[in-house]
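The values are calculated or read from the model by the stated rules, or taken from the named source; none is laboratory data. Computed from a prediction, not measured in an experiment: that's the story for all the values here. Cβ atoms come from the backbone with ideal geometry, glycine included; neighbour counts cover every protein chain shown. Ligands, DNA and RNA are stripped out before the accessible areas are found, and what is left, the full protein with its side chains, is counted by its heavy atoms. Shrake-Rupley method; radii C 1.70, N 1.55, O 1.52, S 1.80 Å.
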Amino acid sequence: MGYRTWMRYFTPSAVHRRLGLVCLGVGLQHGVLPVVGPRVLDHYVAVVVSKGRGWFAVAGGERQEVVAPALLWLVPGVGHHYAPDPVQGWEECFVDFDGSAVESYVELGYVTPGAPVVALSDVVPVRDIVSRIVRCARGGSPLAQVDASAAVHDLLVALRRARADSTPSGGSLLEALARDALLPISVAEIAARRGMTLPELRAAVRRSTESGLKDHLLTLRLNRAKELLATTRMPVQEVAQAIGYEDAAYFSRLFTRRVGVSPGRFRESRAQAVPGGWSSRIPSPDDPPLVPTDESG
């Protein structure tokens, strides 16, 4: 059994690189592909194996089994060595990318150099984005470099969502936390409401969000506070109580430190943007948007 391969490469300019993320190449391959490496690259590559199996090894390390669907992270400066099964082969697509923004994706846990083999669930959305990059590479448009680089952002998000550890139950947990975050209860009580110990809840949140439990809850509360400040005339004291803080001064300090402006200044900056003026009703998080969306026409 042989193999088939197709690949194209981009050469971004200095201006493109200042955008923070650039696409360097894209490829589609299937069959009994040649062994790759050992080699070291100077940029990142996301290799998505959609069918088949094989192995992967970091230089000097033991081989890890790769079973589709799976993601291989190739990172700059780290030697790697991999190959599909020598009889059945595998099917893969890959995207080469680089830029200063990748450091943030690593910090957020979207790119995991320490875990180069990642089990995936549904790869259809991922392949759709790779197809976008392929069309950019084939089209020859002067906008192709920027279009392809923008698609890399979408690809990194799609790969994070496609991770096998992003289970439906994990999603339900985060949805429940979004509701619990607005209650005037402690994090220990929030864990108890979910039937979990506090360490279990902390670990589950970190796996799903790459942030600490308290930081995640604070983000949820501040997001809701911004909605209330921007769309109602509720006093700051009531806004604080609505998101679980009895002490308005403490809430204001948290808000100012995290957002960069006080609740009052934030409200002033958003007041002109509210269609029809201020509302006297406390909006629900499930309310439809104040302005029409594309879906609503």
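Things worth noting here:
- Some residue of region 273-286 being modelled with pLDDT under 95, surrounded by 12 or more Cβ atoms within 10 Å (Cβ to Cβ) and acidic (Asp, Glu): no
- Checking each residue in region 182-211 for being farther than 20 Å from Gly109 by Cα, of a type in the set (Val, Ile, Thr) and surrounded by 15 or more Cβ atoms within 10 Å (Cβ to Cβ) picks out Val187, Ile190.
- Those residues of region 1-35 which are surrounded by fewer than 14 Cβ atoms within 10 Å (Cβ to Cβ) and either polar (S, T, N, Q) or touching a Ser or Thr at 6+ places or on another chain (Cβ under 6 Å) (or both), in sequence order: Thr5, Thr11, Ser13
- Applying the criterion of being under 18 Å from Arg135 (Cβ atoms) and among the aromatic types (Phe, Trp, Tyr) to the residues of region 1-16, the residue that is farthest from the chain's Cα centre (by Cα) is Trp6.
- Check on Val118, within 20 Å of Ser211 (Cα to Cα), open to solvent by 10 Å² or more (accessible area, probe 1.4 Å) and in contact with a Ser or Thr (Cβ under 7 Å, 6 or more places away or on another chain): yes
- Test: residue in region 53-68 that is in the same structural domain as Gly31 (by the TED database), under 21 Å from Val134 (Cα atoms) and more than 26 Å from the chain's Cα centre (by Cα): no
- Only listed residue being surrounded by fewer than 20 Cβ atoms within 10 Å (Cβ to Cβ), of a type in the set (A, V, I, L, M, F, W, C) and free of Cβ contacts under 8 Å to residues at least 24 places away in the same chain, chosen from Val87, Val106: Val106
- When restricted to residues that are open to solvent by 50 Å² or more (accessible area, probe 1.4 Å) and under 25 Å from the mean Cα position of the chain (by Cα), region 135-149 contains 4.
- Pick from region 162-178, criterion surrounded by 12 or more Cβ atoms within 10 Å (Cβ to Cβ) and in a helix (DSSP H, G or I), ranking: modelled with the highest pLDDT: Ala162
- Residue, least open to solvent (accessible area, probe 1.4 Å), within region 227-243, restricted to residues that are polar (S, T, N, Q) and either assigned to a helix (DSSP H, G or I) or more than 19 Å from Ser269 (Cα to Cα) (or both): Thr231
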